[in-house]
Structure formats: structure tokens, C-alpha cells
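Bear in mind that the values in this text are calculations on the coordinates, not laboratory data. Please read these numbers as outputs of a predicted model, since none were measured by experiment. All Cβ positions, glycine included, derive from the backbone under ideal geometry; neighbour counts span all protein chains shown.
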Amino acid sequence: MAKVVVQFTCSECGATAGRWLGRCPGCGAFGTLVEELHGSDGRHSNGAARAPERLGDVEVSEAARLATGVAELDRVLGGGLVPASLVLVGGEPGVGKSTLLLSALGAVARSGRQALLVTGEESVAQVRLRADRLGGAEDVSILAETELESVCATLERERPAVCVIDSVQTLYAAELGSAPGSVAQVREAASRLLRVAKESGVATILVGHVTKDGAVAGPRVLEHLVDCVLQFEGDRYHAHRVLRAVKNRFGSTNELGVFEMTSAGLVGVPDPSALFGATRAGEVGAAVAVALEGTRPILLEIQALVSRTDLAMPRRVGTGVDPKRLAMIVAVLARHAGVPLGSADVFVNVAGGVRIDEPAADLGIALAIASAARAVKIRDGLACFGEIGLTGRLRPASQAERRLAECAKLGFSAAIVPEGTEPHGKMRLTAAETLTQAIQAGLDAGGSSD
Ligand SMILES: Nc1ncnc2c1ncn2[C@@H]1O[C@H](COP(=O)(O)OP(=O)(O)OP(=O)(O)O)[C@@H](O)[C@H]1O
Ligand SMILES: [Mg+2]
């Protein structure tokens, strides 16, 4: 006889408990445990032993990548979609997930392969409106369906090359009893689609909503399940969107795709440095840092504002910068470089709504803050990169040559770099051993105030 087990699962972290608790024992969040029914019919499958294969004999022809036709998306995926893989695309509401994936499906369909869109959120007519706006998506097959069983059956029968599920939170398996979007439903949908994707060779892309904290809704188990997790980020007030891989079983995770939202859909920006690295000459508190995102160096304008405050705990606010990193740079500036910031608020912003994670951008942040604090502008045509250590010493950055080549391409003639960096082309390099030396070299001596 079927035995139904009641379990309480945390909607944030996926931890389970036998009874309801106000606070999740796993992640400590309050009010996140929800009731779920788990059916168990007591049947056991008898697995027969199978002969393993020799790895060298495995056929790899099927692993050839499938270009989606959206160059920036292909770059982030590591050169295109891998057949039979499962990709999760997360992003805030309205960032443009459906738009991006419809363009990709349109391009796949135009190349003569079948592309299927399963829409659970929008009606077929609404998708048609978007397709008209984007253009070139007439050949995409579309299915408005939320029942998991029939989505899987359709995939098995149609075997499209690429299938997009928009979104995984709308899928519903009747036998589970819990509401669509709940932890159990999302997990079930992902694991069933994974099986279908592997068996039928369909490259499946799941669209996932993100919670207010920016994590893909549903438990983290979803991230373990899929082959690739892409995060689509963007600022409501900027037309630029950044796509990055959080996890990728088939490629690097630090590739970055940059798009611009236009009325004709998302347009790839092949040269983001020109967009984000442009500074206006003579501005105090603006520095250009060279960060490396995957295989691509990117120039970013970093702006800083330092203003006197009477607060006992001055503010350190960073947009696009890790707050811990910012606090460390402010401390090193004060302790080792003679830039006192103890009674000043420090605001740092990376232009264009981009987020930087790379330590080699430290020097750019520090120079922007030093420039703002001393009210002295940074020398014209100067870029910089280097990681700052807690002792105030600069550490060399990887792939300096590629960074310098990007600077030269964008018209920068000089750069401040950590000592030991090899010269490149016509770039004038100032090698600095410490942060103090870098600040001395970077700030415009003519206007020095100390
Ligand atoms: N005519 C238009 N011109 C310019 N931009 C537009 C136009 N129509 C829609 N957009 C942009 O497209 C965005 C919506 O894109 P899309 O529906 O792909 O987002 P989404 O991430 O799928 O959202 P959701 O999570 O709600 O499904 C809007 O925020 C808007 O910026
Ligand atoms: Mg959408």
C-alpha cells in the first residue's frame, strides 16, 4: 500500500525536518519551512549489473557544440550549447531572460534545427508579439504547457535540438501535491527534465526566477543538478545587461557576455571596454581599471566620492564592488598610503552597472579613492591594474600582456602596474612596488595639494 510521508522542507536551503519549525535548522531563516508530501509505494527496482565501458572507446561525436547564434551567449557557455545538457538561466524579473532565449531559439531554428519553446508564463499570443518585435523567430515551435508529464512526453517525441522552458517554476507534476514553484516541484521538474535531456539528446535551457537575495529560487540542489548556471544581471536604469556563468561543466566560469537592451531585443556588445572604460578627462575621483573577465580583458571606469562626515561609523558604500574588499582597500589606504579616511564617507561605483570580482581591480579602486580624497585628478590616458596586499604591497596580476593590449587598443598610452610586469608594445609602464608609489605616480603632480 502506498505510504505517504509528510515532510517539511525549507524553501531557501532545502533542509528537511519531520515537523514544522519556525526557524530552519539548516540555514536559520524564519518561516521558510513548507509542508510536502512524499509518496512511497514500497516498490524496489532490481538493478542488474552492467559492463562498464573503456573511456577511450566512448564516442564523442555527439558532444560537438551547437552554436546558439547569439555570440555573447555562446561565449559564456564556453563556445555554444552542449547537446543533451541542462542549462539554468537565472535573473531578476524583467531583465530580459525570455527575450534573450527567444532570439537564441530563433537563430537555432533559422539554422535548420528544431527549436522548441515551452511557455508556462506567457500565452502563445504574447510570445508572438515579442517574436514580431525581435524578428526572425517565425520557425520556433511553441507549446503552452505547464504539466511536467506532457512536457517530457513532447520532448521525447519531438526531440528538438534545443528546448527552452520558461520558466521551471511554472511546471507542475500532479502526483506531488504541492504548489507549482515549491521546492519539491522545482526539484522534480529539473531532475525529470535532466533525464529526458540526457536520453533524447535535447539541449534544455531552464529559466529560473531569482529570490530577492539574488539566488535562483528553489533549493541549491537545482544548481548541483544542472550542467551550467547562468546569471543574467542588469540594472533597471541601465540598458546594459551582463550574462555570467556561475557554474559551467563545459567551460570557464568567468566569461562575461554584455548586451544592450534595445527595442529590437538584446544586442550583443562585442567591445564593452569602449563602453565602460571611457572617462572624461580631468575628473577628480575617476580611475580606469583593467579587469580580466574570463578570457577577455575589460576596461572599467571606477568612480569614487569621499566626503567629510560626523558619523561615528563612516559609510563605505560600493556599487559593483565587494564591500569586504572595499573596506580592506580603505584600511590599507589609511594605514600604508597616508590617505586618512577615518572621518570620511567613501562611495565607490563601477560605471555601467558592472560588478567586479577580480582582485586586480584593487589598484583602480584605490587610485579613485585617493584621487577623490586629495581632490587631485588622475593623469590623463592612464589605466592601472594590480592586487593590493594587506601590507600595502602590489601583487602582480595574471595575463598582464592581454590587459595591456586592451589598454593600447582603447587609446591608453600609460599604465601603472605592479613591479615585475613585462613591458608590452608602446605602452609606457610605471612599475610600482607599493600602493604609495602607485598613488604618487598616478595622481597628477601639477595639482597636488600635499
Ligand atoms: N519595445 C521595447 N523597447 C525596449 N525595451 C523593451 C521593449 N519591450 C520590452 N523591453 C524590455 O524587455 C524587458 C522584458 O524582457 P523579458 O520579458 O525578456 O524579461 P524576463 O526576464 O523574461 O522577465 P520575467 O521574469 O518577467 O519573465 C523589459 O524590462 C524591457 O526593458
Ligand atoms: Mg520571461
key: Karplus-derived 3J(HN,Hα), 6.51/-1.76/1.60, for each residue of segment 107-124, Hz, glycine and proline x   = 5, 5, 5, 5, 7, x, 9, 7, 10, 10, 10, 9, 10, x, 9, 10, 7, 4
note = Treating every alpha carbon of segment 268-334 as one equal point scatterer without solvent, the Debye formula yields log10 I(q)/I(0) values at q = 0.14, 0.15, 0.18, 0.26 Å⁻¹ of -0.56, -0.63, -0.84, -1.27
query = Using a Gaussian network for the chain with springs between C-alpha atoms less than 10 Å apart, which of these wobbles most: Arg54, Arg241, Arg308?
reply = Arg54
note = Relative contact order of the chain (C-alpha contacts under 8 Å, at least 6 apart) in percent is 12 percent
inquiry  = Taking only the Cα atoms of segment 300-450, how large is their convex hull per residue, in Å³?
reply    = 102 Å³
message = For the pair Val317/Asp57, report the inter-label distance in nm, with labels modelled 7 Å from Cα in the Cβ direction.
response = 6.5 nm
query = Helix 148-158 versus the longest principal axis of the chain: what is the Cα-based angle in degrees, 0 to 90, to the nearest 10?
reply = 90 degrees
note = With label points set 7 Å from each Cα along the Cα-to-Cβ direction at Ala375 and Ala144, the distance between them in nm comes to 6.3 nm
query = Given the rule -39500 (n - 2.57) for each run of at least 4 DSSP H residues, summed and divided by the residues of the chain, what is its mean residue ellipticity at 222 nm, to the nearest 500 deg cm²/dmol?
reply = -7500 deg cm²/dmol
message = To test your reading of the geometry: what angle, between 0 and 90 degrees and rounded to tens, separates the Cα axis of helix 400-409 from the longest principal axis of the chain?
response = 80 degrees
key: Size of charge dipole - segment 88-149 - debye, nearest 20, with Cβ of Lys, Arg +1 and Asp, Glu -1, no other charges   = 360 debye
note = Once normalised by the length of segment 46-123, the mean sequence separation of its alpha carbon contacts under 8 Å that are 6 or more apart gives a contact order in percent of 23 percent
request  = For each cysteine in the chain, check whether another cysteine's C-beta sits under 4.7 Å from its C-beta; list those where none does.
outcome  = Cys152, Cys163, Cys228, Cys384, Cys407
Residue of Ser103, Ser85, Ser123 that the Gaussian network model of the chain assigns the largest fluctuation, springs spanning Cα pairs under 10 Å = Ser123
inquiry  = Out of all DSSP beta bridges in the chain, what portion is antiparallel? Express it as a percent rounded to 5.
reply    = 55 percent
ask   = Expressed as an acute angle from 0 to 90° and rounded to the nearest 10, what is the orientation of the C-alpha long axis of helix 183-200 relative to the principal long axis of the chain?
value = 80 degrees
task = Taking the Cα centre of the chain as origin, work out the dipole magnitude from +1 charges on Lys and Arg Cβ and -1 charges on Asp and Glu Cβ, in debye rounded to 20.
result = 700 debye
remark   = Loop-resident trypsin sites (Lys or Arg not before Pro) in segment 389-435 with no more than 16 other Cβ atoms inside 10 Å, DSSP not H/G/I/E/B, are Lys426
note = Counting only residues 5 or more apart in sequence or on a different chain, those whose built amide H sits under 5 Å from that of Ala414 are Ala383, Arg428
